[in-house]
Amino acid sequence: MKSDSYNAFRMAQQQFDNIAEHLSLDQGTRDLLRAPMREYHVSIPVKMDNGKVEVFKGFRCQHNDALGPGKGGIRFHPLETIDTVRALSMWMTWKCSVVDIPLGGSKGGVVCDPHHLSTSEQEKICRGYIRQLADAVGPVRDVPAPDVMTNGQHMLWMMDEYETIRGAKYPGVITGKPVGLGGSLGRTEATGFGVVFTLREALKELNISPDKTRASVQGFGNVAQYAVQLYHQLGGRVTCVSCWDQAESKSFSFRKKDGINLGELRGITDRFGGISREKAAELGYEILPGDDWLEQDVEILIPAALENQITAESVLKIKSSVKIIAEAANGPTTPEADNVLKERGIFVIPDFLANAGGVTCSYFEQVQNNMNYYWERDEVISKLDLKMTSAFLGVSELARKNNLFMRDAAYIISVNRVAEACRQRGWS
Ligand code: NAD
């Protein structure tokens with residue numbers, strides 16, 4: 001999280017301001033939409049395993065709920081900041097809007113590093129976070145989900161705490177729960193698969209056959225692994241992935257020019273998406289500096305780690321072979337880098353469209369919770385494909401007709417929907 005190299009919230013505001021200007025939004029709507037409607041800052045005291053109390057800082061930002069209850073993940077990260085959470089809550093609003101689901105945008109975070117926390121300490125943080133925010137969240141108010149370094153177990157502890165406080169069952173208070181305890185089949189793979197559904201459509205539009213393409217991926221966590229899986233099924237070849245090495249405090253890239261073996265790499269990856277360098281070297285992978293994933297001779301780049309990775313400086317390293325960037329991570333490209341990508345004619349599938357599969361499946365999870373009836377995995381995945389494909393086609397059609405950059409077209413559709421909902425509610 002390079003939060004000081006580029007402030008994610010400024011970036012989100014800059015992107016919004018450009019679109020507000022393009023859409024000639026009135027000042028009231030601009031003021032309403034360029035910052036979260038509500039923000040919560042909490043302190044979570046936790047009795048650690050050594051008997052001492054440590055206080056963890058947490059945030060929840062609710063950017064806009066004109067289209068429905070807020071929705072957005074909770075990240076556990078040592079460098080989490082309120083500005084990152086603000087930006088991410090804003091991007092959640094545009095994300096729910098672009099895929100046309102009846103939800104608003106929220107995001108949460110706790111400043112902590114699960115690498116250095118026991119299971120019991122993590123449980124106490126989860127329960128403490130929800131205790132502080134029990135009145136701010138809820139199935140018809142704001143629904144959290146997993147994100148960076150949080151998972152179904154964290155969500156289950158949070159749901160359990162909420163239900164204990166309310167004295168009743170509320171499976172819809174949180175999504176990303178384990179299957180069998182209110183979770184939806186297909187949720188784990190939904191974000192990565194969603195990225196590849198949009199990538200498949202982009203390839204069709206550019207008349208490129210997937211089996212003639214190679215891809216390089218930043219990150220090897222939940223999103224990256226499932227994106228690689230489905231892209232391989234389409235016939236593509238991933239030649240490079242990267243990850244963060246906790247012990248060395250830097251990132252590394254892992255390259256195999258003939259294509260990585262997903263199963264083999266998964267087998268030597270920890271639960272945080274960190275690949276063992278020693279074992280990868282034994283398996284014949286070239287170990288390269290972390291930023292090398294961006295400099296590969298491939299047709300497709302998939303940033304699937306964190307924000308601010310493709311910057312004014314690093315964008316110049318992208319090879320001329322690259323035709324498509326599918327932004328799996330949130331905010332991986334800065335506005336300056338965007339200008340370079342536009343000039344070079346690289347087809348960008350913007351983050352809030354490309355990675356909307358997770359929230360779309362979270363919405364399906366809520367629908368199933370409300371019905372108390374659960375769908376088969378194939379039904380979930382095919383509904384997800386339908387939603388992602390139709391959102392992609394809506395954006396790409398607008399982009400084609402008006403000669404727009406895909407990110408601008410996606411913003412126009414999303415911001416218009418939210419602004420219209422605000423107008424109809426009499427908020428602006
Ligand atoms: P994760 O924690 O499972 O994996 C993150 C991966 O990125 C790990 O492999 C980690 O080693 C790697 N990484 C971290 N810093 C890096 C760096 N500087 N260089 C190279 N690799 C680095 O997280 P995830 O759930 O896969 O999420 C990845 C991105 O996708 C995030 O931006 C997240 O906000 C976004 N996202 C996630 C979901 C979801 O459903 N999980 C949904 C939408 C968007």
So, in segment 104-118, how many residues would count as being open to solvent by 10 Å² or more (accessible area, probe 1.4 Å) and either of a type in the set (A, V, I, L, M, F, W, C) or free of Cβ contacts under 8 Å to residues at least 40 places away in the same chain (or both)? 4
State yes or no: is Asn50 open to solvent by less than 70 Å² (accessible area, probe 1.4 Å) and over 24 Å from Asn151 (Cα atoms)? no
How many residues does segment 176-189 contain that are more than 12 Å from the ligand (Cβ to nearest atom) and open to solvent by 40 Å² or more (accessible area, probe 1.4 Å)? 5
Answer from Lys401, Lys342, Lys319 - the residue that is more than 16 Å from the ligand (Cβ to nearest atom), open to solvent by 70 Å² or more (accessible area, probe 1.4 Å) and outside any helix (DSSP H, G or I): Lys319
Checking Gly192 against (1) touching a strand residue (DSSP E or B) at 6+ places or on another chain (Cβ under 6 Å); (2) open to solvent by less than 10 Å² (accessible area, probe 1.4 Å); (3) not in a loop (DSSP other than H, G, I, E, B), which test does it fail? (1)
Give all pairs with beta carbons closer than 9 Å in which a residue from segment 1-16 that is under 29 Å from Arg417 (Cβ atoms) and within 12 Å of the ligand (Cβ to nearest atom) meets a residue that is among the small types (Gly, Ala, Ser) and modelled with pLDDT under 70; count only pairs at least 6 apart in sequence or on separate chains. none
Just for segment 239-252: of the residues that are within 12 Å of the ligand (Cβ to nearest atom) and of a type in the set (Ser, Thr, Tyr), which one is most open to solvent (accessible area, probe 1.4 Å)? Ser249
Would you tally the residues in segment 270-294 being within 17 Å of Ser216 (Cβ to Cβ) and either basic (Lys, Arg) or under 23 Å from the mean Cα position of the chain (by Cα) (or both)? 7
Might you check whether a residue that is crowded, with 22+ Cβ neighbours inside 10 Å and over 13 Å from Lys107 (Cβ atoms) occurs anywhere in segment 32-42? yes
Looking only at residues in segment 134-160 that are farther than 23 Å from Asn222 by Cα and surrounded by 22 or more Cβ atoms within 10 Å (Cβ to Cβ), which one is nearest to the chain's Cα centre (by Cα)? Asp142
Kindly indicate the residue of segment 276-294 that is buried (at least 18 other Cβ atoms within 10 Å of the Cβ) and without any contact (Cβ under 8 Å) to a residue 40 or more places away in the chain and also farthest from Asp258 (Cα to Cα) among those meeting that condition. Ala280
Any residue at all in segment 236-245 that's of a type in the set (Asp, Glu) and touching a residue at least 60 places away in the same chain (Cβ under 8 Å)? no
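Given the criterion basic (Lys, Arg) and within 16 Å of the ligand (Cβ to nearest atom), identify the matching residue among Lys57, Lys95.
Unique residue meeting the criteria: Lys95.
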Residue pairs qualifying under the 6 Å Cβ cut-off, at least six apart or on distinct chains, with the first in segment 374-386 being assigned by TED's automatic domain parsing to the domain that holds Thr198 and the second being part of a helix (DSSP H, G or I) and open to solvent by 40 Å² or more (accessible area, probe 1.4 Å), are none
Residue selected from segment 119-162 under the condition of a type in the set (Ser, Thr, Tyr) and away from the ligand (no atom under 16 Å from the Cβ), by the criterion farthest from Asp270 (Cα to Cα): Tyr162
Considering Asp100, Asp83, which residue is at positive phi, open to solvent by 10 Å² or more (accessible area, probe 1.4 Å) and in contact (Cβ under 8 Å) with a residue 12 or more places away in the chain? Asp100
More than 16 Å from the ligand (Cβ to nearest atom), out of contact with any helix residue (DSSP H, G or I) (no Cβ under 7 Å at 6 or more places or on another chain), open to solvent by 10 Å² or more (accessible area, probe 1.4 Å) and touching a residue at least 40 places away in the same chain (Cβ under 8 Å), is that true of Pro69? yes
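Return the total of residues in segment 216-238 being in contact with a Gly (Cβ under 6 Å, 6 or more places away or on another chain) and closer than 20 Å to Gly284 by Cβ.
Residues that pass the stated criteria total 2.
Return yes or no: is Phe352 open to solvent by less than 10 Å² (accessible area, probe 1.4 Å) and within 16 Å of the ligand (Cβ to nearest atom)?
When the stated conditions are applied, Phe352 passes them.
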Scanning segment 209-238 for residues that are closer than 14 Å to Arg255 by Cα and more than 16 Å from the ligand (Cβ to nearest atom), which turns out most open to solvent (accessible area, probe 1.4 Å)? Arg237
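The values are calculated or read from the model by the stated rules, or taken from the named source; none is laboratory data. For clarity, every value in this text was computed on a predicted model and none was experimentally measured. Glycine gets a Cβ as well: all are built from the backbone with ideal geometry, and neighbour counts include every protein chain shown. Note: accessible area is taken over every heavy atom of the protein model, side chains too, but ligands, DNA and RNA are not part of it. Shrake-Rupley method; radii C 1.70, N 1.55, O 1.52, S 1.80 Å.
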